[in-house]
Amino acid sequence: MEFIITDDYDGMSRRAADVVESVVEDDGACVLGLATGSTPIGMYACLAADQAAGKISFADVTSFNLDEYVGLAGTHDQSYRYFMDQNLFDKVDIDKTRTNLPDGCAEDLEAMCADYEARIRDAGGIDLQVLGLGHNGHIGFNEPRADFPVPTHPVDLTESTIEANSRLFDAIDDVPRQAVTMGIGTIMKARKILVVANGEGKASIVAKAFTGPVVPEVPASVLQLHPDVTVVLDREAASALDLA
Ligand code: F6R
């Protein structure tokens, strides 16, 4: 596990964008696994600026997002499809027909999940998976529980996640109660993983996830078992980390 610690959020965003760009430079037709949330917004802005400046192209990239709310269409401004369009896809030269998110409006969610896994497999697997880190250690919508759920699957959101995400909705009752997420197994199959985290609020979970025991109660701790993980943090998020 490689740690890159930067002075601030802008530094974290820049260094994380460099990691993504190095994968795209190596193979223009790579497969990126992408995340939503507040943390990667600055990284996506760096990628969009670099594409506009002609430093990088996403024209042949395929992408698969980690997760999506159940019941929100892609036109809903809190759907993860909408987030990705706004923050990245509509700002770069990616072919939108090659951008994939789980379909939270599918009638048969289980079948959609199996199909999502098959599409990732058919694309050759994920070359680089980007992850944010939940305050409780969740990655994607894989919440703390007694086991590590393996493939893409529907999940009931915990009260703490509903509450954390309600800041983005008009009312807490508008927050969907379910989501679809890549499983821990889907994430662990990615050839390379990039974790981004910033701010003091993430300091204790960063330390727990990356230097504590590997347990499903801290889903991100499983990343300690992956052979190629880069963690990009700002100083605040790294402040409880003892790497000695
Ligand atoms: C987003 C996702 C979530 C977030 C996590 C951190 O697609 O799957 O696991 O990465 O909740 O969110 P932020 O970055 O808003 O702190």
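The values are calculated or read from the model by the stated rules, or taken from the named source; none is laboratory data. Just so it is clear, the model here is predicted, and its values are computed rather than measured. Cβ sites come from the backbone with ideal geometry, for glycine too, and all protein chains shown count toward neighbours.
Only one of Ser22, Ser63, Ser79 is farther than 28 Å from Val150 by Cα, hydroxyl-bearing (Ser, Thr, Tyr) and free of Cβ contacts under 8 Å to residues at least 60 places away in the same chain. Can you tell me which?
Checking each option against the conditions leaves just Ser22.
I'm trying to understand the selection: among the residues of region 150-204, which are touching a Lys or Arg at 6+ places or on another chain (Cβ under 9 Å) and either of a type in the set (Ser, Thr, Tyr) or part of a helix (DSSP H, G or I) (or both)?
Ile162
For Gly201, only one of the following conditions fails: (1) closer than 18 Å to Ala35 by Cα; (2) of a type outside the set (D, E, K, R); (3) surrounded by fewer than 18 Cβ atoms within 10 Å (Cβ to Cβ). What is its number?
In the conditions (1) closer than 18 Å to Ala35 by Cα; (2) of a type outside the set (D, E, K, R); (3) surrounded by fewer than 18 Cβ atoms within 10 Å (Cβ to Cβ), Gly201 misses (1) alone.
Tell me, yes or no, whether region 54-73 has at least one residue that is in contact with a helix residue (DSSP H, G or I) (Cβ under 9 Å, 6 or more places away or on another chain), closer than 15 Å to Asp18 by Cα and exposed (fewer than 15 other Cβ atoms within 10 Å of the Cβ).
yes
Quick one: which residue in Phe169, Phe141 is out of contact with any helix residue (DSSP H, G or I) (no Cβ under 6 Å at 6 or more places or on another chain) and surrounded by fewer than 22 Cβ atoms within 10 Å (Cβ to Cβ)?
Sole residue among the options that is out of contact with any helix residue (DSSP H, G or I) (no Cβ under 6 Å at 6 or more places or on another chain) and surrounded by fewer than 22 Cβ atoms within 10 Å (Cβ to Cβ): Phe169.
Could you check region 75-108 and list, in sequence order, the residues that are of a type outside the set (D, E, K, R), farther than 20 Å from Arg119 by Cβ and in contact with a Leu (Cβ under 9 Å, 6 or more places away or on another chain)?
Correct list: Gln78, Tyr82, Val92.
Taking the conditions exactly as written (at pLDDT 95 or above, within 12 Å of the ligand (Cβ to nearest atom), under 29 Å from Asp77 (Cα atoms) and buried (at least 19 other Cβ atoms within 10 Å of the Cβ)), does Leu133 satisfy them or not?
yes
Would you say Gly124 is within 14 Å of the ligand (Cβ to nearest atom), surrounded by fewer than 22 Cβ atoms within 10 Å (Cβ to Cβ), modelled with pLDDT of 95 or more and not in a strand (DSSP E or B)?
No, not satisfied.
Yes/no matrix, rows are residues, columns are (1) farther than 20 Å from Ala238 by Cβ; (2) touching a strand residue (DSSP E or B) at 6+ places or on another chain (Cβ under 8 Å):
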position	(1), (2)
Ile5	no, yes
Glu21	yes, no
Glu25	yes, no
Leu32	yes, yes
Met43	no, yes
Ala48	yes, no
Ala52	yes, no
Phe58	yes, no
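Have a look at Pro144, Pro154 and point out the one that is touching a residue at least 60 places away in the same chain (Cβ under 8 Å), of a type outside the set (Asp, Glu) and within 14 Å of the ligand (Cβ to nearest atom).
One residue alone meets the criteria, Pro144.
Sort out for me the strands (runs of 3 or more DSSP E) sitting completely within region 1-92 that have 2 or more residues that are among the aliphatic types (A, V, I, L, M) and more than 15 Å from the chain's Cα centre (by Cα).
2-6
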